[in-house]
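Visitor: Got a structure here, written out as structure tokens. Questions coming.
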Amino acid sequence: MTGRNSWGLAPDAVDLRRPPRSEHAVQVAALPQRLTLDLARTAVVVVDMQNDFCAPEGWLASIGVDVSGAPVAALETTLPRLRAAGVPVLWLNWGNRPDLANLPPGVRHVYDPDGASTGIGDPLPNGSRVLELGSWSAAVVDGLTVDPGDLHVAKYRMSGFWDTPLDSVLRNLRVDTLLFAGVNVDQCVLATLVDAACLGYDVVLVEDLCGTTSPEFCTQATLYNVRQCFGFTTTSAELLAGLT
């Protein structure tokens, strides 16, 4: 993937022109308007599809949260088609330092509001520590195929852009348009999407490739705000129809 952003090198000269890339335009039905996407300048960002948020033995399930709405099957159907079309897949999962040295109290409080609950870094019954980098908790959930060419970025906030190399990775991919998927659509997906829009990326939320443990009105508010303020929404069916 890094070859997308490289110079031509010779002993006596440097060619600053990047490798040429042919346009791959597709038409996709979306809201509030139909889109033309250049897949050669598009990546898909899959947020938090990891064991702690999606698996029956994960952190959220262990504290009584229903995680059955995670869009595992829809992603498993859609991602191979996007890869085949040359769209990079980037897995953006929580993956904290074991010492939690970079986490401020406000972030830790969200997940352990009374100081006595199972919070970030605490052990689960299976021995894995909540949202810890390199652990079972931070791994992509079973049922999703991870390709060797996929990219991985660990995050430490609701937004995947703060204190991470996400922006650098995307700019080296030389992409302009980001397709967003994952959980929770009204929390980490939305926070990352908003920051992407503020950084100048084109943002498209793929509705059925997202899920949430929040009430339905949170999803509806998210869709409204994405369409109204930040970008566009579509579905995997419309996306795949455009690919064909």
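Read the figures in this text as sums done on the coordinates, not as results from a lab. Keep in mind that what you see is a predicted model, and the values were worked out from it rather than measured. No Cβ is skipped: glycine too gets one built from the backbone with ideal geometry, and neighbour counts run over all protein chains shown.
Visitor: What 222 nm value per residue comes from the helices of the chain, counting each DSSP H run with n ≥ 4 as -39,500 (n - 2.57) and dividing by all residues, nearest 500 deg cm²/dmol?
Guide: -7000 deg cm²/dmol
Visitor: Springs between alpha-carbon pairs under 10 angstrom, Gaussian network model over the chain: which of Asn102, Asn184, Asn225 fluctuates most?
Guide: Judging by the Gaussian network model, the answer is Asn102.
Visitor: While we're on this one: Report the relative contact order of the chain, percent, no decimals, based on alpha-carbon pairs under 8 angstrom and at least 6 residues apart.
Guide: 24 percent
Visitor: Please check: in the Gaussian network model of the chain (C-alpha springs, under 10 Å), which one of Leu92, Leu75, Leu205 has the largest mean-square fluctuation.
Guide: Result for the chain, Cα springs under 10 Å: Leu75 fluctuates most.
Visitor: To the nearest 10 degrees, how steep is helix 216-225 against the longest Cα principal axis of the chain, on a 0 to 90 scale?
Guide: 30 degrees
Visitor: When the label point is put 7 Å from the Cα of Cys218 along its Cα-to-beta-carbon vector, which residues of segment 31-73 have a backbone N closer than 14 Å?
Guide: 53-54, 60-61, 64-70
Visitor: Could you check which residue among Ala40, Ala116, Ala221 shows the biggest mean-square fluctuation in a GNM of the chain with a 10 Å Cα cutoff?
Guide: Highest fluctuation of the listed residues: Ala116.
Visitor: Taking the Cα centre of segment 43-231 as the origin and placing charges on Cβ (Lys, Arg +1; Asp, Glu -1), which of Val169, Thr78, Val204 is farthest toward the positive end of the dipole?
Guide: The one lying farthest along the dipole's positive direction is Val169.
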